[in-house]
Amino acid sequence: MSKFWTILKAEYAQVVKKKSFIIGIILTPLFMILITIIPALLVKRGISTPTHYAVIDADGRGIGRDFANVLEKYTLDSDTTTKAYHLMHLYEIAADDTERLDSLRVALDSMLLTKILKNYIVIYPGVDENDLALIVSKSLNFKTVARFDRSMSDILATMRLEKSNINLAVDSVLAMTRRIDMQHQSPGGKTRDFLSVYFGALIFVMIIFISVITFGQILMRSIIEEKNSRVIEVLISSVSPFQLMMGKVVGLGAANMTQIGIWVLIGIALFSFRGPLDIPPQVADIMFNPVLIVFFVLFLLIAYIMYSTMFALVGSICTTDKETQNFILPITMSLILPVVLLMYIVQEPDSTVTIIMSLIPILTPTMMVARLIISAPETFSFSDPIVLEATLGFIIAALFSLALIWLTARIFRVGILMYGKRATMPEIMKWVRHR
C-alpha cells in the first residue's frame with residue numbers, strides 16, 4: 001500500500017507543481033467565461049450607432065414614408081436621445097418603372113458594399129396583398145429585422161382594415177392583420193438564408209480548426225518522441241535545428257495541402273455537374289465562390305504555418321504529453337473563439353469589434369474566412385472593404401508567422417536537446433538570446 005501512495009504522490013506532484021498547471025487553473029475558467037458569457041452579451045448587444053438605411057417604394061401609396069415615420073420611435077440603447085435609424089434616401093417610383101428600380105438597386109448595392117448604408121428596403125406594388133417586400137443588406141441583425149418586420153406588418157394591417165368594412169369573419173380579420181416576414185437579400189439580388197450562411201461559415205472554420213489541430217499535434221508528438229528516444233541527437237548531427245524544424249513543418253503542411261487539394265478537386269467536379277445535383281443556390285454561392293475559395297486556401301495555409309510553429313515550440317520545451325496539455329489550451333482557445341462568436345459575427349460582420357478581432361494575427365484565419373462567407377464578395381476588387389481587409393489580414397498574419405518562426409527557431413535549437421528538466425520562462429528567454 002505504501003508503494004501505491006508513493007506512485008500516487010509522484011504522479012500528483014509531477015502535474016500540480018508545474019507552472020503550466022497554475023496557468024491552466026486560471027485559463028480554463030476564463031475560457032469557460034469566454035465561451036458562455038461574452039457571446040451572449042455580444043448577441044444581445046443593443047444598437048449602439050445609428051443605422052443608415054434607404055427605402056425604394058414602388059407601391060405608390062406612401063408606405064415607404066409611413067415605414068420611415070414608424071422607425072422614428074426607436075432610439076439607441078446607449079443614448080435614448082439619438083434615433084436608432086436614419087433614413088438617407090426615400091425613392092418613390094412608378095409601379096411599372098422597372099428600369100428605374102433596377103438602376104436604384106445597383107446604386108444602393110454599391111452604397112451597401114462601401115458601408116455608406118447598412119440596409120435598404122424594397123416595397124413592391126400591391127404589397128398589402130402579396131407581402132412582397134425585401135430587406136437588402138450584407139448582414140442579418142436580428143433586432144433590426146424584427147423591428148422592420150413589425151413596422152411593415154402594422155402599416156399593412158392598418159391599410160387592409162381601412163379598406164374593409166370591419167364587419168367580417170374572424171378569419172378575414174386575421175388575414176388582414178397577418179404579420180409579414182420580409183425576404184432577405186444580399187447586394188446583387190441573391191436571396192440570403194440565415195442557416196445557410198451560419199452553417200457555411202461554421203463548416204469552413206471547423207475545417208481550418210480540425211486541420212490545424214490534427215497536423216499540429218502530430219508534429220508536436222513527433223518532436224517529443226524523438227527527444228525522448230534521443231533520435232533527435234542523431235538528426236541534429238546531420239542537419240541544423242532550423243532545417244529540422246522547417247522540414248517537419250513543411251512536410252506535414254504538404255500532406256495537409258494535399259488533403260485540401262483533393263477537396264478543391266472534388267469541389268470543381270461538383271461545380272461541373274452542379275445541374276443534375278440540384279444544389280440549392282444559397283449553398284452553391286458559398287461552395288463555388290472563387291473569391292472565398294482562394295482566400296480560404298490562403299488562410300488555411302497561413303493558419304497551418306502559424307499554429308504548427310506554435311506546436312513545434314511546445315514540443316521543443318516539453319518532454320511528455322502531460323506537460324503539453326496546459327500549453328495547448330491557449331492555442332485551442334484562439335482557434336475555437338470564432339466558432340463561439342459566430343452568432344454575433346453573422347449579425348455584425350463589419351462592426352468595429354469584429355474588424356479589430358479579425359486583424360489580430362492568431363484570430364485572422366478563422367475570423368476572416370467567416371466574414372468572407374457572410375459578406376460573399378464576388379470579385380477581387382479592393383473597392384469592396386472585405387476584400388481589402390482580408391488581404392491586409394493575410395499580410396499581417398504572414399508577417400506575424402515569420403516573426404513566430406524566428407522566435408521558435410531560437411528556442412527549438414536549445415529545447416530539443418534538453419532532457420529531464422522543466423523549461424522555465426527565464427530559461428526560455430535565455431535560449432532566445434543565446435548566440
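Residue-wise test of (1) part of a helix (DSSP H, G or I); (2) within 29 Å of Met111 (Cα to Cα).
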position: Met343; (1), (2): yes, yes
position: Met368; (1), (2): yes, yes
position: Ile374; (1), (2): yes, yes
position: Phe380; (1), (2): no, yes
position: Leu402; (1), (2): yes, no
Boolean, Arg105 is at pLDDT 85 or above and in a helix (DSSP H, G or I): yes
Qualifying positions in segment 353-383 - closer than 18 Å to Val197 by Cβ, surrounded by 19 or more Cβ atoms within 10 Å (Cβ to Cβ) and more than 11 Å from the chain's Cα centre (by Cα): Ala376, Pro377
Positions within segment 332-345 being buried (at least 19 other Cβ atoms within 10 Å of the Cβ) and either touching a Ser or Thr at 6+ places or on another chain (Cβ under 7 Å) or farther than 14 Å from Leu202 by Cα (or both), in sequence order: Leu335, Pro338, Ile345
Neighbours by Cβ (under 6 Å, 6+ apart or cross-chain): first from segment 119-131, hydroxyl-bearing (Ser, Thr, Tyr); second not in a helix (DSSP H, G or I): Tyr120/Tyr53; Tyr120/Ala54; Tyr120/Val136; Tyr124/Ala58; Tyr124/Leu132
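Of the residues Leu112, Leu140, only one is part of a loop (DSSP other than H, G, I, E, B) and in contact (Cβ under 8 Å) with a residue 40 or more places away in the chain; which?
Numbers: Leu112 fails: part of a loop (DSSP other than H, G, I, E, B).
The conditions single out Leu140.
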The lone exception for Gly126 - which of (1) within 26 Å of the chain's Cα centre (by Cα); (2) surrounded by fewer than 16 Cβ atoms within 10 Å (Cβ to Cβ) it fails: (1)
Failed item in (1) at pLDDT below 70; (2) over 26 Å from the mean Cα position of the chain (by Cα), with Ser222 passing the rest: (1)
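Based on what the data block shows, is Arg192 modelled with pLDDT under 80, within 24 Å of Lys73 (Cα to Cα) and in contact with a Ser or Thr (Cβ under 8 Å, 6 or more places away or on another chain)? Write out each step before concluding.
Working: modelled with pLDDT under 80: yes; within 24 Å of Lys73 (Cα to Cα): no; in contact with a Ser or Thr (Cβ under 8 Å, 6 or more places away or on another chain): yes.
No; evaluated as a whole, the condition is false for this residue.
The values are calculated or read from the model by the stated rules, or taken from the named source; none is laboratory data. All values reported here derive from a predicted model rather than from experimental measurement. Neighbour counts run over all protein chains shown; Cβ positions are idealised from the backbone, glycine included.
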